[in-house]
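I have placed the structure first, in the form of structure tokens, so that the comments after it can refer back to it.
The values are calculated or read from the model by the stated rules, or taken from the named source; none is laboratory data. Treat the numbers as computed from the prediction; the structure is a model and nothing was measured. Every residue, glycine as well, gets a Cβ built from its backbone with ideal geometry; the counts of neighbours run over all protein chains shown. To get the accessible areas, we keep the full protein, side chains included, count just its heavy atoms, and leave off ligands, DNA and RNA. Shrake-Rupley method; radii C 1.70, N 1.55, O 1.52, S 1.80 Å.
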Amino acid sequence: MEWFTLVATLLGAAVGVAGTLFIERVRAREAERRARGTARAEAYVNFLVAVHTASGNMRSLALEIATVPEGERHPRARAAFRQGGLYEARERVVLFSPEPIAHAADALFNSLRSLRDVVADGGSVDDPAYVAKVESYAEALIQARTLMRVDVGELPLRREMTW
């Protein structure tokens, strides 16, 4: 009987240790998943803030573009575009997000770069080319924002926010 008790005790201990290891593994995976989600959410926020900074800079420059000497327009537009850290923020999103979001972020980035080019070529806020690029930018912003919201566990907005 002592032999049976010893085997039962060892078997019970093995099951207990295996159960504990399994639970710890599940907890570690969950913590890692949460950390990745937090990192992505932070990357999304940083990217959208950089996008809004760059778009605001483009609008400010477009409002005064008629007074900017032609030789200064391109350098000022490029500087306004880079000022908010948009390139770095975009790379974080591309590195850490699922592919559809990476493509949406890239489309948003490119729509804003197209807006930059219109402003650099002398486009003001009243210029039809500027207005068309702003509309493309707004559509790309809505698409990226919606995908990002869903990725972090939020429902898409029923009505899009004004930007």
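By the gyration tensor of its Cα atoms, with a ≥ b ≥ c the square roots of the eigenvalues, what is the shape of segment 25-119: rounded for a/c under 1.5, prolate for a/b over b/c, or oblate?
Details: a/c = 4.22, a/b = 3.23, b/c = 1.30.
Note, shape of segment 25-119 comes out prolate.
Once you reduce segment 73-97 and segment 38-52 to the center of their Cα atoms, the two points are 12 Å from each other. Given a 1.4 Å probe and every protein chain left where it sits, what share in percent of the accessible area of the chain is carbon and sulfur? The nonpolar share, carbon plus sulfur, comes to 59 percent. In segment 95-138, the convex hull through the Cα atoms has an average projected area of 3.2 nm², a quarter of its surface area.
Computed from the C-beta positions of Val125 and Arg82 and an R0 of 22 Å, the FRET efficiency is 0.60 to the nearest 0.05. Using only the Cα atoms of segment 82-159, build the gyration tensor, take square roots of its eigenvalues as a ≥ b ≥ c, and label the shape rounded, prolate or oblate: rounded if a/c is under 1.5, else prolate if a/b is larger than b/c, else oblate. Note, shape of segment 82-159 comes out oblate.
The helix-based estimate of mean residue ellipticity at 222 nm for the chain, built from -39,500 (n - 2.57) per DSSP H run of four or more residues and divided by its residue count, is -29000 deg cm²/dmol to the nearest 500. Here the label points at His52 and Arg33, each 7 Å from Cα along the C-beta direction, are separated by 3.0 nm in the simple model.
Under the Kirkwood approximation applied to all pairs of distinct alpha-carbon atoms, what is the hydrodynamic radius of the chain in Å? If you can, show how the numbers build up before the last one.
Values: mean 1/r = 0.0532 Å⁻¹.
Mean inverse Cα-Cα distance, inverted, gives 18.8 Å.
What FRET efficiency would be calculated for the residue pair Asp106, Glu24, taking the C-beta separation as r and a Förster radius of 35 Å, to the nearest 0.05?
0.35
Enter the accessible area per residue of the chain (Å², integer; probe 1.4 Å; all protein chains in place). Let's see the in-between values first.
Numbers: 10570 Å² over 163 residues.
Spelled out: the 1.4 Å probe surface of the chain, per residue, equals 65 Å².
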